[in-house]
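All remarks here apply to the structure that follows.
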Number of protein chains: 2
Amino acid sequence: MGAGIMGVAVHPGQAGSVHVTKLAQPRPGPNEALVRVRRVGVCGTDTEIINAKFGTAPAGAQELVLGHEVLGEVEAVGEGVTTLRPGDLVTATVRRPDGCPTCRAGQIDMCLWGNYTERGILGAHGYMAQSFTENVRYLVPIPVELEPVGVLVEPLSVVEKAYRQAVLIQRRLAVWTPETAVVLGAGPIGILGTLLLRQQGLQVYTLARTPAPNPAAEIVERAGAHYVSTRQISFANLRDSLPNVDLIFESTGASALAFEGMEALGINGVLMLLSITGGDAEGLVPTDAINRSLVLGNKIVAGSVNAATEDFARGVKRLGQFEHEWPGLAVSLITDRLRGFDDAHRIAEAAGRGVKTVLEFADA
Amino acid sequence: MGAGIMGVAVHPGQAGSVHVTKLAQPRPGPNEALVRVRRVGVCGTDTEIINAKFGTAPAGAQELVLGHEVLGEVEAVGEGVTTLRPGDLVTATVRRPDGCPTCRAGQIDMCLWGNYTERGILGAHGYMAQSFTENVRYLVPIPVELEPVGVLVEPLSVVEKAYRQAVLIQRRLAVWTPETAVVLGAGPIGILGTLLLRQQGLQVYTLARTPAPNPAAEIVERAGAHYVSTRQISFANLRDSLPNVDLIFESTGASALAFEGMEALGINGVLMLLSITGGDAEGLVPTDAINRSLVLGNKIVAGSVNAATEDFARGVKRLGQFEHEWPGLAVSLITDRLRGFDDAHRIAEAAGRGVKTVLEFADA
């Protein structure tokens, strides 16, 4: 190995094993770009990997480089690349296909076999490093004016996919004009979901535990949504006061809420489940009432994970719309900034603090 | 009132109040047909109405004429009717619109306001009478060769709608080639669902409590599906032995199965819920595991009730296909025949006996 670069890695399955590691200097092959990393977002999945609940190293490797929410700058391109140039800002998608019929049709996010890899999560190194290479088909350009918020494209893509899926599913209806939405949870996914649904013109009720004032509540209210603390109004009481709930995003990470969401959903409504709940919690559920309500109201509950490249592109466009409607609002989701390698050991602290923590690699 | 006709009615809310009643002789108005009833099927909803758990009389009336699964013969037509002639065989749809946007767009089965009426169930008289009138838009022609099975079109329409909705929902996928289905329950809906899915070429596993041999098991096996008694193999054990379960129909009437279905559903699969569970049962549910499975597998749970006119038309066509593939099989669902008015008091006994009970009005 010649000159190397630094990265932030864990030993999967070994809790608290975050460390700075040395990686081979990446060089772009044909159709690839070399991307210099500017910043990387930290999310709940990273925390789960750090806590050894999730995550696998690449085949043959002992460690996994973390990070799947990236903003970077193209430093060089390999042979055959015509769509990107050095200096371009990009983010990167996360999942790589396994050759199943759905992946082959271009829907990697709906992979049927489940043998995909995910950069920074499952069997492939992530983006918490000085630089990385990637096939340009998995890189998504970010306009320079969105540099401060481009690191949010990946979490936004998850919400874009869920919303796009809801719309695709609702093509079953001759008429669907959603007016009222509930977002469960006010973490980054819940807030970005709130902004998306507000931008689409819906009345949005965003539920979280912590009473206002707090940074999440402030962002939600600035976008014209209603922030509701479940310590002040129960979900059951809130739903009784609402008109027909057309759409629910569940993003709390608490599976009980998925089932409360089924009870709150309105006629012809769609409940999109976005939380990967890693535990084995059980709960006493009113099975007759939920089933009857789903049947008589032709209601739908749909799980949604990951995102397609088109959702990343939609997310980029949407961030521009957010800036237009609420200048400076999206960037206020970034409530904590850590210094790339120096603060790597503090990533695990990110959970539960502020809204979104990012690692800055600009000067790394 | 001049000459009258006889009908079978209940006093809604009064258990065991089935009685023969006298009704005014119906006369077809403009765009209506007068239909002489040949036979009417009895279903679980009728039993619930007889047990006073469901059902409302028409506005201003004290009683509700039962029956929503009908085969009849057009006796006369009113002014403006060009699509039907005396002698034509017909069935009738059940639900009538309330003027909501979805009903106005022609999707009465997806009614948004919930103020619909349903003949024989909610606020409108049913078809258990010597004759009835109806706007021809709600009448569906039955070819004469399907006379013996035409009374099955209504329950089949419920399955047709669920299958059509599943296909509409799955247009979210670039590729959906379902191969394996599970049908929960082997009542008329479960059996008709089994036949439909077999006719579509799927491998079908139909679960019910009662071990074979029994009439339901015989029909299921003759259609090439696998009849599984849960007294011999548990649902959990069965699902572990199956490939990816692409589609589930839940038609047991037991809400716990809806949640077991969520656990059994495969990646990108759809669970269609068809049972209107009237009670208030609760159950201990593995909420984390179900939620996680739905999310990571992009899975869908969808309620489905009632049927559109197009589903009745599809049902008629499908019965013809059933006759072609399995001559005489569909009619074997009719395991009990009662004599119209003489046996009216025995309708309630229909539940739990054989597969489908019909009342014969041919000579009434």
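Return the residues of the range A:230-264 that are among the polar types (S, T, N, Q), within 24 Å of the chain's Cα centre (by Cα) and farther than 12 Å from A:Tyr205 by Cβ; say none if nothing qualifies.
Selection gives A:Ser251, A:Thr252, A:Ser255.
Quick test of your reading of the structure: A:Asn298 fulfils all but one of (1) on the phi > 0 side of the Ramachandran plot; (2) surrounded by fewer than 23 Cβ atoms within 10 Å (Cβ to Cβ); (3) touching a strand residue (DSSP E or B) at 6+ places or on another chain (Cβ under 8 Å). Name the failing condition by number.
So the condition that A:Asn298 fails would be (2).
Being within 22 Å of A:Thr335 (Cα to Cα), polar (S, T, N, Q), within 24 Å of the chain's Cα centre (by Cα) and assigned to a strand (DSSP E or B) is the requirement here; does A:Thr91 meet it? Break it down stepwise before answering.
Values: within 22 Å of A:Thr335 (Cα to Cα): yes; polar (S, T, N, Q): yes; within 24 Å of the chain's Cα centre (by Cα): yes; assigned to a strand (DSSP E or B): yes.
Yes.
Check off (1) touching a Gly at 6+ places or on another chain (Cβ under 6 Å); (2) surrounded by fewer than 24 Cβ atoms within 10 Å (Cβ to Cβ) for B:Val183 and give me the number that stays unchecked.
Of (1) touching a Gly at 6+ places or on another chain (Cβ under 6 Å); (2) surrounded by fewer than 24 Cβ atoms within 10 Å (Cβ to Cβ), only one is false for B:Val183: (2).
Between B:Val94, B:Val159, B:Val65, B:Val153, which is surrounded by 24 or more Cβ atoms within 10 Å (Cβ to Cβ) and either touching a His at 6+ places or on another chain (Cβ under 9 Å) or among the small types (Gly, Ala, Ser) (or both)? Steps first, answer last, please.
Values: B:Val159 fails: either touching a His at 6+ places or on another chain (Cβ under 9 Å) or among the small types (Gly, Ala, Ser) (or both); B:Val65 fails: surrounded by 24 or more Cβ atoms within 10 Å (Cβ to Cβ); B:Val153 fails: either touching a His at 6+ places or on another chain (Cβ under 9 Å) or among the small types (Gly, Ala, Ser) (or both).
On inspection, the qualifying residue turns out to be B:Val94.
Kindly list, by first and then second residue, each pair from a residue in the range B:227-245 that is within 14 Å of chain A (Cβ to nearest Cβ) to a residue that is assigned to a helix (DSSP H, G or I), limited to pairs with Cβ atoms under 8 Å and residues at least 6 apart or on different chains.
From the range B:227-245, the pairs are B:Val245/B:Arg239; B:Val245/B:Ala264.
Considering only the range B:28-75, state which residues are touching a strand residue (DSSP E or B) at 6+ places or on another chain (Cβ under 7 Å) and charged (D, E, K, R).
B:Glu32, B:Arg36, B:Arg38, B:Arg39, B:Glu63, B:Glu69, B:Glu73, B:Glu75
Where in the range B:120-207 are there strands (runs of 3 or more DSSP E), lying fully within it, with 1 or more residues that are of a type in the set (Gly, Ala, Ser), under 30 Å from A:Ala166 (Cα atoms) and more than 14 Å from every other protein chain (Cβ to nearest Cβ)? Working first, answer last.
Details: elements: B:131-135, B:139-142, B:180-184.
Ranges flagged: B:180-184.
Pick out the one residue from A:Glu48, A:Glu75 that is closer than 23 Å to A:Gly253 by Cα, of a type in the set (Asp, Glu) and either out of contact with any His (no Cβ under 7 Å at 6 or more places or on another chain) or not in a loop (DSSP other than H, G, I, E, B) (or both). Can you show your working first?
Details: A:Glu75 fails: closer than 23 Å to A:Gly253 by Cα.
Testing whether each residue is closer than 23 Å to A:Gly253 by Cα, of a type in the set (Asp, Glu) and either out of contact with any His (no Cβ under 7 Å at 6 or more places or on another chain) or not in a loop (DSSP other than H, G, I, E, B) (or both) leaves just A:Glu48.
Name the residue, out of B:Thr309, B:Thr335, that is in the same structural domain as B:Glu118 (by TED's automatic domain parsing) and either modelled with pLDDT under 90 or within 27 Å of B:Ala9 (Cα to Cα) (or both).
Numbers: B:Thr309 fails: in the same structural domain as B:Glu118 (by TED's automatic domain parsing).
The unique qualifying residue is B:Thr335.
Just checking, does the range A:45-58 include any residue being touching a residue at least 60 places away in the same chain (Cβ under 8 Å) and of a type in the set (Lys, Arg)? Steps first, answer last, please.
Kept after step one, since they are touching a residue at least 60 places away in the same chain (Cβ under 8 Å), are these residues of the range A:45-58: A:45-51, A:53-58.
Restricting the remaining residues to those that are of a type in the set (Lys, Arg) gives A:53.
Yes, that holds for at least one residue.
Among the residues in the range A:258-273, are any without any contact (Cβ under 8 Å) to a residue 24 or more places away in the chain and either surrounded by fewer than 22 Cβ atoms within 10 Å (Cβ to Cβ) or more than 12 Å from chain B (Cβ to nearest Cβ) (or both)?
There is no residue in the range A:258-273 that is without any contact (Cβ under 8 Å) to a residue 24 or more places away in the chain and either surrounded by fewer than 22 Cβ atoms within 10 Å (Cβ to Cβ) or more than 12 Å from chain B (Cβ to nearest Cβ) (or both).
Which one of these does B:Trp113 not meet: (1) out of contact with any Gly (no Cβ under 7 Å at 6 or more places or on another chain); (2) within 25 Å of B:Gly278 (Cβ to Cβ); (3) buried (at least 17 other Cβ atoms within 10 Å of the Cβ); (4) aromatic (Phe, Trp, Tyr)?
(3)
Just one of the numbered conditions (1) in the same structural domain as A:Arg119 (by TED's automatic domain parsing); (2) surrounded by fewer than 21 Cβ atoms within 10 Å (Cβ to Cβ) is not true of A:Gly340; which one?
(2)
The values are calculated or read from the model by the stated rules, or taken from the named source; none is laboratory data. Note that the structure is a prediction, hence the values are computed from the model and not measured. Cβ sites come from the backbone with ideal geometry, for glycine too, and all protein chains shown count toward neighbours.
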